[in-house]
Amino acid sequence: DAGITQSPRHKVTETGTPVTLRCHQTENHRYMYWYRQDPGHGLRLIHYSYGVKDTDKGEVSDGYSVSRSKTEDFLLTLESATSSQTSVYFCAISLGQNYGYTFGSGTRLTVV
Amino acid sequence: QQQVKQSPQSLIVQKGGISIINCAYENTAFDYFPWYQQFPGKGPALLIAIRPDVSEKKEGRFTISFNKSAKQFSLHIMDSQPGDSATYFCAASGSSGETSGSRLTFGEGTQLTVNP
């Protein structure tokens, strides 16, 4: 999607290894979010950021950490990947309250 | 804790028919209700949204109906087309402070198939 890119698009990793997913925006939006999408669960919030170095947990944050050192970049790290973290991960950006999200194209992560 | 319940899980409609997807929420502090459309291999895209001060919003063939007292809202797709075949998500958020922005809680999604 225009203004927001995720990398990598696909990744296969082994159980126990650390993994970092990157979200990059060119829209200068204050708010950034990481969601995971799983069948039957919709989209669930992992972590979000409301400014540089300002982050907070979502509903499924265990096993994940995030960092935002610049407005444009929001990194999601799986500290020690497990099979339950096999999922499609979406980054989203927003201007703020009661504004819609713009989503990236997603990263399909498989933990074997 | 699932705060937004969406139904049905899947829906098959004939071309030209009306597609209806329903959502119910629990948190009375929610005040923004968007719908997202997702095609395979793509991220969700904002389709239409409503705030609780109105009971209906229409954009082209897409209409949101909102019932505040019942804590329910629904998406109606009129004259459904094969190109509408996608996954649809309802969502909700409330004004919970500047630091949380518009934290959206999503429904489970509905897989819509429109047969030609």
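The values are calculated or read from the model by the stated rules, or taken from the named source; none is laboratory data. What you are looking at is a predicted structure, and each value in this text was computed from that prediction instead of being measured. So basically every Cβ, Gly included, is an ideal-geometry build from the backbone, and we count neighbours across all protein chains shown. Note: areas computed on protein heavy atoms with side chains; ligands, DNA, RNA excluded. Shrake-Rupley method; radii C 1.70, N 1.55, O 1.52, S 1.80 Å.
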Residues located in the range A:89-112, provided they are open to solvent by 40 Å² or more (accessible area, probe 1.4 Å) and in contact (Cβ under 8 Å) with a residue 24 or more places away in the chain: A:Leu95, A:Thr102, A:Arg108, A:Thr110, A:Val112
Listing of strands (runs of 3 or more DSSP E) fully contained in the range A:45-112 that carry 3 or more residues being out of contact with any Pro (no Cβ under 6 Å at 6 or more places or on another chain) and at pLDDT 95 or above: A:64-70, A:73-78, A:87-94, A:107-111
Meets criteria (open to solvent by 20 Å² or more (accessible area, probe 1.4 Å), within 11 Å of the chain's Cα centre (by Cα) and not acidic (Asp, Glu)) for A:Val60: no
Residues being of a type in the set (Val, Ile, Thr) and over 12 Å from the mean Cα position of the chain (by Cα) - total across the range A:74-94: 2
Residue that is farthest from A:Lys53 (Cα to Cα), among those in the range A:63-112 that are of a type in the set (Ser, Thr, Tyr) and facing chain B (nearest Cβ under 10 Å): A:Ser105
Strands (runs of 3 or more DSSP E) (entirely within the range B:1-105) containing at least 3 residues that are out of contact with any Lys or Arg (no Cβ under 9 Å at 6 or more places or on another chain), open to solvent by less than 10 Å² (accessible area, probe 1.4 Å) and closer than 28 Å to A:Arg108 by Cα: B:30-38, B:86-94
Residue match in the range A:23-33 (condition: of a type in the set (A, V, I, L, M) and without any contact (Cβ under 8 Å) to a residue 60 or more places away in the chain): no
Residues of the range A:15-31 that turn out to be open to solvent by 90 Å² or more (accessible area, probe 1.4 Å) and either modelled with pLDDT of 95 or more or in contact with a helix residue (DSSP H, G or I) (Cβ under 8 Å, 6 or more places away or on another chain) (or both), as a count: 3
Single residue of A:Thr71, A:Thr20 found to be of a type in the set (Val, Ile, Thr) and more than 10 Å from the chain's Cα centre (by Cα): A:Thr71
Within the range A:32-50, tally of residues that are small (Gly, Ala, Ser) and surrounded by fewer than 14 Cβ atoms within 10 Å (Cβ to Cβ): 1
